[in-house]
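Scroll down for the structure; my scribbles are underneath it.
The values are calculated or read from the model by the stated rules, or taken from the named source; none is laboratory data. All values derive from a computational prediction rather than experimental measurement. Virtual Cβ from ideal backbone geometry, glycine too; neighbours counted across all protein chains shown.
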Protein chains: 2
Amino acid sequence: MTPQRVTLITLGVHDLPRARAFYAALGWSPAEEADGISFYQMNGLVLGVFGLQALAADQGRPDATLGTGAMTLAQNFSTEAEVDTAFELAMSAGATALKRPEKVFWGGYSGYYADPDGHVWEVAMNPFWPLADDGSLTLPEGE
Amino acid sequence: MTPQRVTLITLGVHDLPRARAFYAALGWSPAEEADGISFYQMNGLVLGVFGLQALAADQGRPDATLGTGAMTLAQNFSTEAEVDTAFELAMSAGATALKRPEKVFWGGYSGYYADPDGHVWEVAMNPFWPLADDGSLTLPEGE
């Protein structure tokens, strides 16, 4: 079997300086920044921001048109207020609102925004999924 | 600032039974499976597999056509042999090869495949990024 593991998430972007400015406006600092790529340390994994065409070439299909939206990233928080704060900060950083945070049918509180390249982020509070102190998420037993 | 955190990755899929079968063929077991969604425990975060239209609706734009490819997920391994094994297992599970694993210019070894819905996975060995025993990745200091 393949380990159930994600160690790196890469976002392909049209305009790297614009993407770097967006994530800087969220308060994020790259741990490593090279010509053409930035890496951010997340909770036990890394987020990379990389040119869209370079990513297509790296995938072995330089002429592919790569799309966004069908894979989303969520940040879970412990309170609705933290969700609202994260959403508002993204708005002030230039994100596009998809759905403002609201109470949702599964018992939590969730909103969605898109970054300047259309990468979709969810900000959510799920009362059934408590976060560890380090911000990591382990699913509760027995569901 | 917003914490540098990803707690949930969601893949929107056209055919949920097909997606579940693909990830089962990688040897993955869902920790939680409900009508219309499966959740897999990863390294301190969760991977969800969810209907594509349901995901668009959840994003607040039920009529959107969601695309794949511009956000990729990587699994890092400690050896080239592990990369090859993971790639071959994905092939036998029905993935589409994008780039067979090969030595790459940055000094590592990397390949890419797409799952049945076009979600892109990289399998890689990066000698400059050692993994922790639990499979998590923390960027080295001072780069």
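I'd like the full set of residues that are more than 24 Å from B:Ser136 (Cα to Cα) and touching a residue at least 40 places away in the same chain (Cβ under 8 Å), limited to the stretch A:90-124. Once the filter is applied, which keeps residues that are more than 24 Å from B:Ser136 (Cα to Cα) and touching a residue at least 40 places away in the same chain (Cβ under 8 Å), the stretch A:90-124 yields A:Ala90, A:Ser92, A:Ala93, A:Gly94, A:Ala95, A:Tyr112, A:Ala114, A:Asp115, A:Pro116, A:Asp117, A:Gly118. In this structure, does B:Val83 turn out to be modelled with pLDDT of 95 or more and either facing another protein chain (nearest Cβ under 9 Å) or in contact with a Cys (Cβ under 9 Å, 6 or more places away or on another chain) (or both)? Here the answer is no, as B:Val83 does not meet what is asked. Assuming A:Thr72 fulfils every condition listed in (1) of a type in the set (S, T, N, Q); (2) touching a helix residue (DSSP H, G or I) at 6+ places or on another chain (Cβ under 8 Å); (3) more than 8 Å from chain B (Cβ to nearest Cβ) apart from one, which condition is it? Failed condition: (3). Report, by residue number, each residue of the stretch B:21-66 that is more than 8 Å from chain A (Cβ to nearest Cβ) and either assigned to a strand (DSSP E or B) or buried (at least 17 other Cβ atoms within 10 Å of the Cβ) (or both). Within the stretch B:21-66, B:Phe22, B:Tyr23, B:Pro30, B:Glu33, B:Ala34, B:Ile37, B:Ser38, B:Gly48, B:Val49, B:Phe50, B:Gly51 qualify.
For B:Ser136, the criteria (1) in contact with a Leu (Cβ under 9 Å, 6 or more places away or on another chain); (2) modelled with pLDDT of 95 or more hold in every case but one, which is (2).
In the set B:Arg18, B:Arg100, B:Arg5, only one residue is more than 11 Å from every other protein chain (Cβ to nearest Cβ), in contact with a Gly (Cβ under 9 Å, 6 or more places away or on another chain) and either in a loop (DSSP other than H, G, I, E, B) or surrounded by fewer than 20 Cβ atoms within 10 Å (Cβ to Cβ) (or both); that residue is B:Arg18.
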